[in-house]
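Working notes, structure below.
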Amino acid sequence: MKLTGAQIVCETLIKEGVDVLFGFPGGQILPFYDTLTQYPQLRHILVRHEQAAAHAADGYARATGRVGVCVATSGPGATNLVTGIATAYLDSVPIVALTGQVARTFIGKDAFQEIDITGITLPITKHNYLAMETSSLAYLVREAFYIARTGRPGPVLIDLPRDVQIDQAEFHYPSKIELPGYKLTLEGHKEQIKRAAKLINEAKKPVIIAGRGVNISGAFQEIRELAEAAQIPVITTLLGISCFPESHVLSYGMLGMHGMAYANMAVNNSDLIIAIGMRFDDRATGRVNAFAPNATIIHIDIDPAEIGKNVRVDVPIVGDVRVVLQALNKLITTNKHPEWLHQLDSWRKDHPSTTIRDCAELLPQYVVRKIYEVTNGDAIITTGVGQNQMWAAQHYWYDKPNRFISSGGLGTMGYGLPAAMGAKLGCPNDTVWCIDGDGSFQMNIQELATIVQEKLAIKIAILNNSYLGMVRQWQELFYGKRYYATPLFGPDFVKIAEAYGVPGLRVTRRADVGPAIEKAMAYDGPFLIDFHVEPEENVYPMVVPGASLTEVLEEPRKQTLKDSAKLPVSGI
Ligand SMILES: Cc1ncc(C[n+]2csc(CCOP(=O)(O)OP(=O)(O)O)c2C)c(N)n1
Ligand SMILES: [Mg+2]
């Protein structure tokens, strides 16, 4: 039986396991939208801006490990997806973007709402297609999903000319994908794995640096086995957060620009780094030529292009992190490094890094910590970008996989709320909090309408400092405190939320923080809290740009300190 191109796309989406699409319609994608009426199993979430559709697909993918899907029309609809696609690209997130395109005969004529979206997204997609034949659509869509989710995941875009959606062809779902130029190396090189095991067994001061690759490959058990067998401290990158329980005795937090001072010290004093599914981003390494000067470096990553890109690597192992660790763990002898771990513990005692000042003001760190307490550490957290993001990384402790959802590589303000929509749709039984900045929130504030229309019980905490806070922090530290273009007028967020149909509270006093969060949790639906926090609070620790990881700026104020560093709470 013949189907239309749009039906073929829908049938293939269902076969690929898609249950939700985030999108916004328009003329050139209308045949597809009309066809969606025949497929109630594909839930369409109408966003208010296409950027949010891409971020929501991304949040869905990060929370579930499945491919997220977004849809937009041609021209401005497609270009509005670009920031979201780039965000997914830099953080290796599998999404498939479907865009409408003008009919084939109009392509190249500057037709109404014609834009070369495959050209525009070429450098920010893992692959993209301009679909020119209805008959090959099933194969093409299947291939797009295959490319998005395999190997190092990433976004794939399919541009669908209007007439390709309307024409008919036989529907055959291909049984397999043949891509001669796309060979995946999943198992690491045996000899290199042996070399790595020998180094690990002999190391005196080893550290694991775990990145998002661990989350992607699902190597939670394997990394734990390695760490526990050889008693190796585990440090994560920003996007590696939640790949190893932060309450584990061997967890030593995040490294990098706003990482824990003791984690940075551990890295730079180590004799062996086992870098797993991470890419030595400059925010993680500090000054590269001062990075871990005495360490031998083992680098396990699925993408050969990452090996040796930023730092020298002694033992490269290209492969899927989980598969490689399974092989590696068999060669690891049990070990203990009591002196090394004792050294790390004393650095942590001297530089606790996540201490919250005991003061009268309403501190943003305190808000995050309270959200942690009230949610029992069991929520999915999405963030904006800036100080709010760093505080959410530092002061919430993540024990379960894929719980910290944040734009790391691109650092996209406006990511938090739409990503929370995706996470909530992917994990409807989980509590989802969006911890956002007042600036970031205003970049996709319109999505309040989507969460109301779709009844998404997302809880929103705005850390409202009336500044583009992270930029203001840089102006304070490096630009003579000239706060130019960073003081930020914001609306009354509670009134705005109410206008959309979301109940809200404003909190200005420390004592009201806990009760407000409890009220949000008790409410059966979306809830917003506008926390008016200390405006000029800074994020510490900080490794200033160009400094080495051990040159850390720490909290300069000397008030009474309440020691609340991330110390192990259980021996899991
Ligand atoms: C789309 C976008 N534009 C600009 C920036 C640069 N930038 C990084 S952090 C930041 C300030 C964010 O302000 P806010 O959301 O209020 O967060 P805060 O730092 O105050 O917590 C800016 C402007 C960015 N990351 N993304
Ligand atoms: Mg702000």
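The values are calculated or read from the model by the stated rules, or taken from the named source; none is laboratory data. In this text, all values refer to a predicted model and were calculated from it rather than measured experimentally. Every residue, glycine as well, gets a Cβ built from its backbone with ideal geometry; the counts of neighbours run over all protein chains shown. All accessible areas refer to the heavy atoms of the entire protein, side chains included, with ligands and DNA or RNA removed. Shrake-Rupley method; radii C 1.70, N 1.55, O 1.52, S 1.80 Å.
Antiparallel as a % of all DSSP beta bridges within the chain, to the nearest 5? Don't jump to the answer; show the numbers that get you there.
Numbers: 7 of 69 bridges.
Beta bridges within the chain, antiparallel portion: roughly 10 percent.
Distant-in-sequence amide contacts of G253, defined by a placed amide H-H separation under 5 Å and a gap of 5 or more residues or a different chain, comprise T236. Counting pairs of Cα atoms in segment 480-534, how many percent are more than 18 Å apart? In whole percent, the long-distance tail amounts to 44. Here the sum of -39500 (n - 2.57) over DSSP H runs of 4 or more residues, divided by the residues of the chain, equals -10000 deg cm²/dmol at 222 nm, to the nearest 500.
Here segment 381-417 and segment 489-503 have alpha carbon centers that stand 23 Å from each other.
Within the straight-line cut-off of under 26 Å between alpha carbons, the lysines reachable from K205 are K190, K194, K309, K330, K336, K349, K566, sequence neighbours fewer than 8 places apart in one chain being disregarded. Cα convex hull, segment 205-292: 79 Å³ per residue, rounded to a whole number.
May I ask which residue of Q387, A419, L362 lies farthest towards the positive end of the charge dipole of segment 355-422, with charges of +1 (Lys, Arg) and -1 (Asp, Glu) on Cβ and the Cα centre as origin? Highest projection toward the positive end goes to A419. Spatial offset of segment 133-207 relative to segment 519-536 amounts to 40 Å, using the alpha carbon center of each. Carbon and sulfur atoms: what percent of the 1.4 Å accessible area of the chain do they account for? Carbon with sulfur: 53 percent of the solvent-accessible area. Entry comment: accessible area of segment 96-182 is 46 Å² per residue, from protein heavy atoms only and a probe of 1.4 Å. What segment 315-448 shows is 32 Å² of accessible area per residue, with the surface traced by a 1.4 Å probe over protein heavy atoms. Find the centroid of the Cα atoms in segment 289-326 and in segment 226-247, then give the distance between the two in whole Å. Result: 16 Å between the Cα centres.
For a quick protection proxy, order the peptides 323-334, 132-143 by their average other-Cβ count within 10 Å, most packed first. Can you show the working numbers first?
Values: 323-334: 17.7, 132-143: 19.8.
Ranking the peptides 323-334, 132-143 by packing returns 132-143, 323-334.
Taking the C-alpha atoms only, the angle from helix 416-426 to the longest principal axis of the chain is near 70 degrees.
Think of each Lys and Arg Cβ as +1 and each Asp and Glu Cβ as -1; about the Cα centre, that makes the dipole of the chain roughly 840 debye. Think of segment 26-99 as having a plus end and a minus end, set by charges on the Cβ of Lys, Arg, Asp and Glu; of A88, A61, A78, A61 sits farthest toward the positive end of this dipole.
Sorting 526-534, 548-556 by their mean Cβ neighbour count within 10 Å, with the most densely packed peptide first, gives 526-534, 548-556.
In segment 165-289, if the dipole is taken from +1 on Lys/Arg beta carbons and -1 on Asp/Glu beta carbons about the Cα centre, which of A263, G277, G181 is farthest to the positive end? Positive-most Cα among the choices belongs to A263.
Using the Cβ-Cβ distance between T333 and D19 with R0 = 60 Å, the FRET efficiency computed as 1/(1 + (r/R0)^6) comes to roughly 0.85. On the basis of the beta-carbon distance and an R0 of 41 Å, K2 and Y484 show a calculated FRET efficiency of 0.10. Taking Cα atoms, how many degrees apart are the long axis of helix 513-522 and the longest axis of the chain, rounded to 10 and kept between 0 and 90? So the helix axis and the longest Cα principal axis differ by about 40 degrees.
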